[in-house]
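J.: After the structure tokens below, expect a handful of questions from me.
The values are calculated or read from the model by the stated rules, or taken from the named source; none is laboratory data. No experiment lies behind these values; they were computed from the predicted model shown. Virtual Cβ from ideal backbone geometry, glycine too; neighbours counted across all protein chains shown.
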Amino acid sequence: MGGFFGAVGTRDVIADVFYGTDYHSHLGTRRGGMAAYAADVGLQRDIHNIQNSPFRTKFEHIFEEMHGNSAIGCISDTDPQPLLIRSNLGTYAISVVGAVNNAEALIKQYLSFSGGHFDAMTGGRVNVTELVSAMINQKSSFEDGICFANEVIEGSITILILKEGGNIIAARDKLGRLPVLVGRGEDGYSVSFESFAFEKLGYEMEKELGPGEIVEISVDGVKQLAKPGKEMRICAFLWSYYGYSTACYEGINVETMRYRNGEIMAEHDREAGTAQNIDYVAGVPDSGTPHAIGYANRSHVPFARPFIKYTPTWSRSFTPAKQDERNKVAKMKQMPVHDLIKDKNLLFVDDSIVRGTQLRETVEFLYSNGAASVHMRSACPPIMYGCKYLNFSRATSDLELITRSTILELEGCEGFKHLDEYSDPSTERGQKLRRTICEKLHFESLEFQTVEGIVKAIGIEPEKLCTYCWNGKE
């Protein structure tokens, strides 16, 4: 997915943006970038590959290379950014997060009348950030250009722009699928996806942008360029997986939501009378752990950590680009606690089940270390649709999803007409899906949180949440 951080102040803000951007490292693993503005040198930019080394390490020399009273930084899981753009709107740095599903159509349409060109990447692909800037530059102001981009882009795009002169423009995507928060400090302002990122740097919450809202941030204050829309579809997956535990979105803390979510799943199991002879409840570390704590608290089954991730040298299981390499890294990281595994009936809670490949490795690892049984609970509903708004999954096809591939095996393409039934554990199709995945991945039992359950755990109106990946509702 990705994330960004920006700051403008009466002092040099490079350190704030360095640390603020680093606090978004859980949102992406491919590219990191920073741009700054200083009156003596103008706009500066630096981008690094962070696939095998964290942002902090790659940018540790940035303090000697860059300076300025305003700067932006980004973690990108897609294309290199921020980019420096020179256009009719002036020279500026731009970073974006989201997905443009009609990119090819927009490129062809733009080239047909503009006489311009794009910098082509490998295979002729165009950097999405450059494409968004081309949409913005078709208008005579940033606010009009961003509104135009929101109109023509199919998908979702959240934008951060550093203008020549030092002001920052922040624009939340049209339906607010991602958060954008502004913090206020003693000598300036910051803008961030994660509230804790600027709070750790001494900024206090100033405002959370509404859906489609655009603001311009200067050292003197925050000016609204476009009012927020009335409709919101913030990504519910932020709370169940992507968001960092200390973050808050729309006033709802991620960690406490996950506790509630686990409690609701435990109530479902108790009412159904399933998985009642469990020795320990555990989380698939790390993001499944708070859901598991909530489950353990409500079920009164002890919480334990039957295996520990060795993180000093294996910090991220999803860093390698290839799935088999990620699986190998995941296996290398798992360090068993034999006393908590041998002859034990274990119930694990994972944040989600996408492909299921790493879970298969995990379960085989547990059985090889003597587990009597392994039950699995997913903290979110069955993922039936690949995300088309935020690119939260690397899946290139819905058939990469374990739910879709299993349904295809069971019923062929006809099964795709009954996805609602397959999601529902009370239906014959829903039960068959769960039994088949159990057989594939060697679970003793499997259940998913319901859409109703996760909405209840989040605690905001259902119509304000994006649940597309679970039920296909836009």
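J.: Provide a single number: the residues in the range 50-86 that are closer than 27 Å to Ile146 by Cα, touching a residue at least 24 places away in the same chain (Cβ under 8 Å) and either surrounded by fewer than 14 Cβ atoms within 10 Å (Cβ to Cβ) or outside the structural domain of Phe142 (by TED's automatic domain parsing) (or both). Quick ask: steps written out before the conclusion?
T.: Within the range 50-86, the subset closer than 27 Å to Ile146 by Cα is 68-86.
When the remaining residues are screened for being touching a residue at least 24 places away in the same chain (Cβ under 8 Å), the result is 68-85.
Next, only the ones that are either surrounded by fewer than 14 Cβ atoms within 10 Å (Cβ to Cβ) or outside the structural domain of Phe142 (by TED's automatic domain parsing) (or both) stay: none.
Count: 0.
J.: Would you confirm, using the coordinates I've provided, whether Glu428 is surrounded by fewer than 19 Cβ atoms within 10 Å (Cβ to Cβ), within 26 Å of Gln276 (Cα to Cα), within 25 Å of the chain's Cα centre (by Cα) and not polar (S, T, N, Q)?
T.: Here the answer is no, as Glu428 does not meet what is asked.
J.: Can I ask one more? For the condition over 14 Å from Pro228 (Cα atoms) and either crowded, with 23+ Cβ neighbours inside 10 Å or modelled with pLDDT under 95 (or both), what is the one hit in Ile161, Ile146?
T.: Ile161
J.: Going by the structure shown, is Ile460 in contact (Cβ under 8 Å) with a residue 60 or more places away in the chain, part of a loop (DSSP other than H, G, I, E, B), among the β-branched types (Val, Ile, Thr) and out of contact with any Gly (no Cβ under 6 Å at 6 or more places or on another chain)?
T.: Details: in contact (Cβ under 8 Å) with a residue 60 or more places away in the chain: yes; part of a loop (DSSP other than H, G, I, E, B): yes; among the β-branched types (Val, Ile, Thr): yes; out of contact with any Gly (no Cβ under 6 Å at 6 or more places or on another chain): yes.
In short, yes.
J.: Scan the range 28-49 for residues that are surrounded by 19 or more Cβ atoms within 10 Å (Cβ to Cβ), under 26 Å from Gly243 (Cβ atoms) and either modelled with pLDDT under 90 or over 26 Å from the mean Cα position of the chain (by Cα) (or both) and report the count.
T.: Going through the range 28-49 one residue at a time, the tally reaches 2.
J.: In the range 31-74, how many are part of a strand (DSSP E or B) and either in contact with a Cys (Cβ under 6 Å, 6 or more places away or on another chain) or among the hydroxyl-bearing types (Ser, Thr, Tyr) (or both)?
T.: The number of residues fulfilling the criteria is 3.
J.: Please go through the range 34-90 and pick out each residue that is among the hydroxyl-bearing types (Ser, Thr, Tyr) and within 19 Å of Asp16 (Cβ to Cβ).
T.: Those that are among the hydroxyl-bearing types (Ser, Thr, Tyr) and within 19 Å of Asp16 (Cβ to Cβ): Tyr37, Thr57, Ser70.
J.: Determine the pairs where a residue that is among the acidic types (Asp, Glu), located within the range 216-237, has a partner that is in a loop (DSSP other than H, G, I, E, B) and buried (at least 16 other Cβ atoms within 10 Å of the Cβ) with Cβ atoms under 8 Å apart, the partner being 6 or more residues away or on another chain.
T.: Glu216/Asn167; Glu231/Leu175; Glu231/Pro211
J.: Those residues that are surrounded by 23 or more Cβ atoms within 10 Å (Cβ to Cβ) and either under 27 Å from the mean Cα position of the chain (by Cα) or not assigned by TED's automatic domain parsing to the domain that holds Asn369 (or both), I need them from the range 334-350; list them, please.
T.: Passing the criteria: Leu347, Phe348, Val349, Asp350.
J.: From (1) farther than 22 Å from Ile264 by Cα; (2) over 20 Å from the mean Cα position of the chain (by Cα); (3) buried (at least 20 other Cβ atoms within 10 Å of the Cβ), pick out the condition that doesn't hold for Leu433.
T.: (1)
J.: Would a scan of the range 443-465 turn up a residue that is surrounded by fewer than 19 Cβ atoms within 10 Å (Cβ to Cβ) and over 25 Å from the mean Cα position of the chain (by Cα)?
T.: Yes - at least one qualifying residue is present in the range 443-465.
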